[in-house]
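The structure appears right after this line, and notes come after that.
The values are calculated or read from the model by the stated rules, or taken from the named source; none is laboratory data. Quick caveat: nothing in here was measured; it's all calculated off a predicted structure. Heads up, the Cβs are rebuilt from the backbone with ideal geometry, glycines too, and the neighbour counts pull from every protein chain shown.
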Amino acid sequence: MADLNEIVATNLIELRKRRHLTQVELAEQIGYSDKSISKWELGKSIPSVDILKQFADFYGVTVDFLITENAAKKKISVDKSMEHLGHKITFILLGVCVVWLIVIAIFVANIDTNPWPLFVWGAPATFLVVAGFSYYYWRKRLPFWISSSAFAWTLITGFFVQYIAIDPTHPIWYVYLIGIPVQAGIILLASLK
């Protein structure tokens with residue numbers, strides 16, 4: 001096992017390089033001399049606990065991270081998970097784009113028959129796609145429950161708007177009362193472990 005000086009030095013160097021900072025730039029940002037930064041990164045001495053806390057806050061890590069061997073390698077896996085999050089969001093957005101391309105294509109194909117309510121049905125279709133991807137990627141976590149709620153309410157709104165398009169003299173606002181137990185059920189299911 002490497003000694004603590006080397007561990008802290010390795011982690012400080014890695015974190016500084018990830019931020020694309022020179023020792024001089026880092027020194028200016030945290031209020032210490034570049035000679036102190038160099039001494040810490042060479043492992044000649046260890047910063048005091050309050051300075052380690054300042055580094056941890058600056059880099060968005062914990063003090064434990066700074067004094068843990070191979071912490072930089074563990075941090076790389078966290079960085080890759082953030083990269084995967086970007087890919088997941090991209091797939092979700094592509095799914096939403098496909099939904100709206102289909103809605104627009106149907107709209108254009110039926111332009112003579114007043115297809116405007118069709119756009120209202122695009123919203124629940126969008127949230128259904130988002131809920132599906134969210135379930136696939138995050139297995140019943142917050143994004144899934146939020147998109148499920150949005151799907152339920154936009155579906156109810158779709159029925160409401162469709163009915164008004166058929167009979168505008170008699171709006172059925174009470175259809176929204178169905179959403180209350182549906183939303184309560186979603187919240188209940190979300191709270192179950």
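Of these, Phe159, Phe144, Phe127, which one is closer than 26 Å to Gly86 by Cβ and free of Cβ contacts under 8 Å to residues at least 24 places away in the same chain? First the steps, then the outcome.
On the way: Phe159 fails: closer than 26 Å to Gly86 by Cβ; Phe127 fails: free of Cβ contacts under 8 Å to residues at least 24 places away in the same chain.
Selected residue: Phe144, the only one of Phe159, Phe144, Phe127 that is closer than 26 Å to Gly86 by Cβ and free of Cβ contacts under 8 Å to residues at least 24 places away in the same chain.
Test Lys44 against the stated conditions and say whether it is part of a helix (DSSP H, G or I) and either more than 22 Å from Asp3 (Cβ to Cβ) or of a type outside the set (A, V, I, L, M) (or both).
Numbers: part of a helix (DSSP H, G or I): no; either more than 22 Å from Asp3 (Cβ to Cβ) or of a type outside the set (A, V, I, L, M) (or both): yes.
Taking the combined requirement at face value, the residue does not satisfy it.
Say whether the condition of being touching a residue at least 24 places away in the same chain (Cβ under 8 Å) and of a type outside the set (Lys, Arg) is met by at least one residue in region 167-174. Full working, then the answer.
Pass one, region 167-174, residues touching a residue at least 24 places away in the same chain (Cβ under 8 Å): none.
No, that holds for no residue.
For residues in region 137-148 being touching a helix residue (DSSP H, G or I) at 6+ places or on another chain (Cβ under 9 Å) and surrounded by fewer than 18 Cβ atoms within 10 Å (Cβ to Cβ), which is modelled with the lowest pLDDT? Even if it seems obvious, please write down each step before you answer.
Initial filter on region 137-148 (touching a helix residue (DSSP H, G or I) at 6+ places or on another chain (Cβ under 9 Å)): 137-138, 140-148.
Next, from what is left, pick out any that are surrounded by fewer than 18 Cβ atoms within 10 Å (Cβ to Cβ): 137-138, 140-142, 146.
Details: Tyr137: 81, Trp138: 76, Lys140: 69, Arg141: 80, Leu142: 83, Ile146: 91.
Only one residue fits best here, namely Lys140.
Identify, please: which residue in region 47-62 is part of a helix (DSSP H, G or I) and not charged (D, E, K, R) and is, among those, farthest from Asp3 (Cα to Cα)? It would help to see each step written out before you state the result.
Of region 47-62, the ones part of a helix (DSSP H, G or I) are 49-59.
Narrowing the set further to residues that are not charged (D, E, K, R) leaves 49, 51-52, 54-56, 58-59.
Numbers: Val49: 17, Ile51: 19, Leu52: 16, Gln54: 22, Phe55: 19, Ala56: 20, Phe58: 24, Tyr59: 22 Å.
Out of the qualifying residues, it is Phe58.
One line per residue, one yes/no per condition, for (1) at pLDDT below 90; (2) closer than 10 Å to Asn11 by Cβ; (3) touching a Lys or Arg at 6+ places or on another chain (Cβ under 6 Å):
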| residue | (1), (2), (3) |
| --- | --- |
| Asp34 | yes, no, no |
| Lys39 | no, no, no |
| Leu42 | no, no, no |
| Val49 | no, no, no |
| Gln54 | yes, no, no |
| Thr68 | yes, yes, no |
| Ala71 | yes, yes, no |
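Against the conditions (1) aromatic (Phe, Trp, Tyr); (2) touching a Phe, Trp or Tyr at 6+ places or on another chain (Cβ under 9 Å); (3) modelled with pLDDT of 85 or more; (4) under 19 Å from Gln162 (Cα atoms), where does Phe91 fall short? Just the number, please.
(4)
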